[in-house]
Amino acid sequence: MIKVTIDGVEIEVEPGTTILNAARKAGGAIVPPAMCYYSKLKGSGGKCRTCLVKVTAGSEKDPRPMPKLVASCSTGVQDGMVVQNITSPEVVEARKGVVEFLLLNHPLDCPICDQAGECHLQDLAFEHGAAKTRYEEERRKFDKIDIGDKIQLHMTRCILCYRCVYTADQITNERVHGVLKRGDASEISTYIENVIENDFSGNVIDVCPVGALTDKTFRFKSRVWFVKPMNAHRDCSKCCGKTAVWLHGEEIYRVTGRKDQYGEVEEFICNECRFDKKSKSDWVIEGPREVERWSVIRQNKYEIGTQVQAPKNIGYGNITV
Amino acid sequence: MQLLTNRSKVVVNKEMTLMEKLYIPAIFGGMMITIKHLFRKKVTIQYPEQKREFSKVYRGKHILKRDEQGRENCTACGLCAVSCPAEAITMVAAERKKGEEHLYREEKYAANYEINMLRCIFCGLCEEACPKDAIYLTEELMPANYDRSNFIYGKDKLVQPLGTSAHPKTYKPYTK
């Protein structure tokens, strides 16, 4: 076990852990945000640069600081390493710049986008970004590509995190989905309009941090904050069958994987569970999911686990229980 | 029980004195209050002849605005509904089809938009939340009605009529 200090918090981690995972082990506000890194996808990370941190001491043996800010998702920890995340103004400033870059070509059509309310880019821009853009040029445009009747692709919203590409590579058996062209013109696409036929292809919706890949069966049906997430399960021969169903009254509007506090699904689910089982009789509903305190999805919903007791002696001015 | 204000009096079943039984001092005290009010400035306004001046920030009936080309601004993003403290707004979104570009400004539009005017408290938070400048609270008064169901305003009553321009009585100019 080796010792790392992140923002003054000392943690012991296994050798070979990245700074991001060490911070996640400690938890709290010191965890750098991540747009492209996904712990369940091998090889992901290192693309979006939102997780930049400052290493003020490389290790115990060589305490010199690292010359530049490093991406915490792909930098391993060393014994005695000292890392600054939110306590370094340099990091905060750099992150603000990264958000500005990510938003350069983003259409900002959040009122239309189905991801709004659970979008990581929205959260990131809200927390770290500037309120105004300095970009004056026209934003990039793409021809509309239809990638099947289950998944909707909006290339203009893509931030090129490559998460869906890794998902397609690792979860599906054949490579039907990838990034074409280079630089500014690069775009997520399927090869020669190959429809994604794999049983687990729907998971690209869950891994997408923005609204580039969304559920076509949920398209414009409701906003995420008008539907209620519930834990549910069913016997599925292909996947674990443990999902989150989003209820609108008694109707299931959509089915997603169960996402943890970093927005990563606990287990990938199959397309049958995601797209075809939209009836309440298909599922055993366990109970409402816990929603983060700051999330808009929490709006107008009752909480679980809070019980309010009435005062025992009700009388004027009596407020003690 | 300890009282927090002096507004309430503890009721007691005490025998009245002779002065109290006569009631004359109490009647006289009451008449004094009545006469005092005769000489005060009147608060009533003779309504149809005389109209009360509206505040500059008066918030009345809602309007769903159109842009200069007559397209509906609303894109059914749901921010007005989520910001509404009275939960008066509901909507159903739909996708714009080909050939409807002159009707709706964005890819998505509100196929159904309802405000329950009995629930609405005219706080103006919907106007504040709207990212598309679509919903406005005009200076128009909410008309009365005989039926509760008539207070649920749909798109037929809310959308700005085609061909109308924004004039001060129906829409406040947007000032930052």
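The values are calculated or read from the model by the stated rules, or taken from the named source; none is laboratory data. Computed from a prediction, not measured in an experiment: that's the story for all the values here. Glycine gets a Cβ as well: all are built from the backbone with ideal geometry, and neighbour counts include every protein chain shown. Remember, those area values only see protein heavy atoms, side chains included, never the ligands or the DNA or RNA. Shrake-Rupley method; radii C 1.70, N 1.55, O 1.52, S 1.80 Å.
Scan segment A:104-114 and tell me whether some residue there is in contact with a strand residue (DSSP E or B) (Cβ under 6 Å, 6 or more places away or on another chain) and not assigned by TED's automatic domain parsing to the domain that holds A:Ala23.
Within segment A:104-114 (the criterion being in contact with a strand residue (DSSP E or B) (Cβ under 6 Å, 6 or more places away or on another chain) and not assigned by TED's automatic domain parsing to the domain that holds A:Ala23), the answer is yes, since at least one residue qualifies.
Which residue is nearest to B:Ile63 (Cα to Cα), if the candidates are limited to segment B:114-156 and must be part of a helix (DSSP H, G or I) and open to solvent by 80 Å² or more (accessible area, probe 1.4 Å)?
B:Asp156
Against the condition in a loop (DSSP other than H, G, I, E, B), open to solvent by 20 Å² or more (accessible area, probe 1.4 Å) and not β-branched (Val, Ile, Thr), how does A:Ser44 come out, does it pass?
no
Restricting attention to segment A:77-89, which residues are in contact with a strand residue (DSSP E or B) (Cβ under 6 Å, 6 or more places away or on another chain) and either within 30 Å of A:Gln170 (Cα to Cα) or open to solvent by 80 Å² or more (accessible area, probe 1.4 Å) (or both)?
A:Val77
For the condition in contact (Cβ under 8 Å) with a residue 12 or more places away in the chain, in a helix (DSSP H, G or I) and not assigned by TED's automatic domain parsing to the domain that holds A:Cys158, what is the one hit in A:Cys240, A:Cys273, A:Cys236?
Checking each option against the conditions leaves just A:Cys273.
The conditions are (1) more than 9 Å from chain A (Cβ to nearest Cβ); (2) open to solvent by less than 50 Å² (accessible area, probe 1.4 Å); (3) of a type in the set (A, V, I, L, M, F, W, C), and B:Val57 fails exactly one of them. Which is it?
(2)
Of the residues B:Cys120, B:Cys80, B:Cys84, which is within 16 Å of the chain's Cα centre (by Cα), more than 12 Å from chain A (Cβ to nearest Cβ) and at pLDDT 90 or above?
That would be B:Cys120, the only listed residue that is within 16 Å of the chain's Cα centre (by Cα), more than 12 Å from chain A (Cβ to nearest Cβ) and at pLDDT 90 or above.
For the condition of a type in the set (D, E, K, R) and at pLDDT 85 or above, what is the one hit in B:Lys51, B:Lys9, B:Lys41?
So the residue among B:Lys51, B:Lys9, B:Lys41 that is of a type in the set (D, E, K, R) and at pLDDT 85 or above is B:Lys41.
Among the residues in segment A:93-101, are any open to solvent by 30 Å² or more (accessible area, probe 1.4 Å) and closer than 16 Å to A:Cys208 by Cα?
No, segment A:93-101 contains no residue that is open to solvent by 30 Å² or more (accessible area, probe 1.4 Å) and closer than 16 Å to A:Cys208 by Cα.
Hey, A:Thr56 hits all of (1) within 29 Å of A:Ser295 (Cα to Cα); (2) not in a loop (DSSP other than H, G, I, E, B) but one; which does it fall short on?
(1)
Six or more apart or on different chains, Cβ atoms under 8 Å: show the pairs whose first residue is in segment A:171-185 and of a type in the set (Ser, Thr, Tyr) and whose second is part of a loop (DSSP other than H, G, I, E, B) and modelled with pLDDT under 75.
Between residues of segment A:171-185 that are of a type in the set (Ser, Thr, Tyr) and residues that are part of a loop (DSSP other than H, G, I, E, B) and modelled with pLDDT under 75, the close pairs are A:Thr172/A:Ile196.
Residue-by-condition table, conditions (1) at pLDDT below 90; (2) exposed (fewer than 12 other Cβ atoms within 10 Å of the Cβ); (3) touching a strand residue (DSSP E or B) at 6+ places or on another chain (Cβ under 6 Å):
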position	(1), (2), (3)
A:Gln122	no, no, no
A:Gly129	yes, no, no
A:Glu137	yes, yes, no
A:Asp143	yes, yes, no
A:Ile171	yes, no, no
A:Arg175	yes, no, no
A:Gly178	yes, no, no
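Could you tell me whether segment B:91-110 includes any residue that is away from every other protein chain (no Cβ under 12 Å) and in contact (Cβ under 8 Å) with a residue 60 or more places away in the chain?
no
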